[in-house]
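See structure below.
The values are calculated or read from the model by the stated rules, or taken from the named source; none is laboratory data. Computed from a prediction, not measured in an experiment: that's the story for all the values here. Cβ coordinates were reconstructed from backbone atoms using ideal geometry, including for glycine residues, and neighbour counts include every protein chain displayed.
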Amino acid sequence: MTTRTMLALVFVLSACDERATTTADAGDDARASSTRGTIAGTITYDGSGAGRLTVGVWPQTPPAGPPSEIFVRDDPTFPIDYELRGLAAGTYYLGVVLDIGANHPTIPGAEDPRSFPTDGIVVEGDTHDVDVELVDPE
């Protein structure tokens, strides 16, 4: 992933905050049906940093535009479970960023742990468990 793509992704991620509507916080709604799927899992982090955790999924890689679903938590306690529900059938790409100090709202600092697995997740009305381990950058 190029630096330019990463910057664009972080800008999109940071534009979303905990006030954003997410299916993870919205409870059961009309979007959750047998034709909709879920990506869920646990995020682990053994580092000492704290900040804003953002988990998102996009229908393309590299990510562009707003995520299809997003999960945001300020100063989470790890491990933390996440759930992105109501996903239409298709292939999604996961992105996870911990903005240490929540001080880089548009551009991540070199200290920010992140994970962008390159394998797509094929959702077809089912649930996929995708665990992510964040590590401090070297």
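Here are the numbers for the structure shown:
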quantity	calculated
Candidate set from segment 43-56 (those that are touching a Pro at 6+ places or on another chain (Cβ under 6 Å) and crowded, with 18+ Cβ neighbours inside 10 Å); member that is nearest to I100 (Cα to Cα)	L53
Strands (runs of 3 or more DSSP E) enclosed by segment 68-118 - at least 1 residues per element that are in contact (Cβ under 8 Å) with a residue 40 or more places away in the chain, among the acidic types (D, E) and surrounded by fewer than 18 Cβ atoms within 10 Å (Cβ to Cβ)	69-74, 80-87
Condition broken by A32, with the remaining ones in (1) of a type outside the set (K, R); (2) farther than 16 Å from G125 by Cα; (3) modelled with pLDDT under 50 satisfied	(2)
Residue satisfying all of: in segment 42-61; touching a Leu at 6+ places or on another chain (Cβ under 7 Å) and of a type in the set (G, A, S); farthest from T77 (Cα to Cα) among these	G56
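Listed here are the residues, each with its yes/no results for (1) under 14 Å from the mean Cα position of the chain (by Cα); (2) of a type in the set (F, W, Y).
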position: W58; (1), (2): yes, yes
position: A64; (1), (2): yes, no
position: V97; (1), (2): yes, no
position: A102; (1), (2): no, no
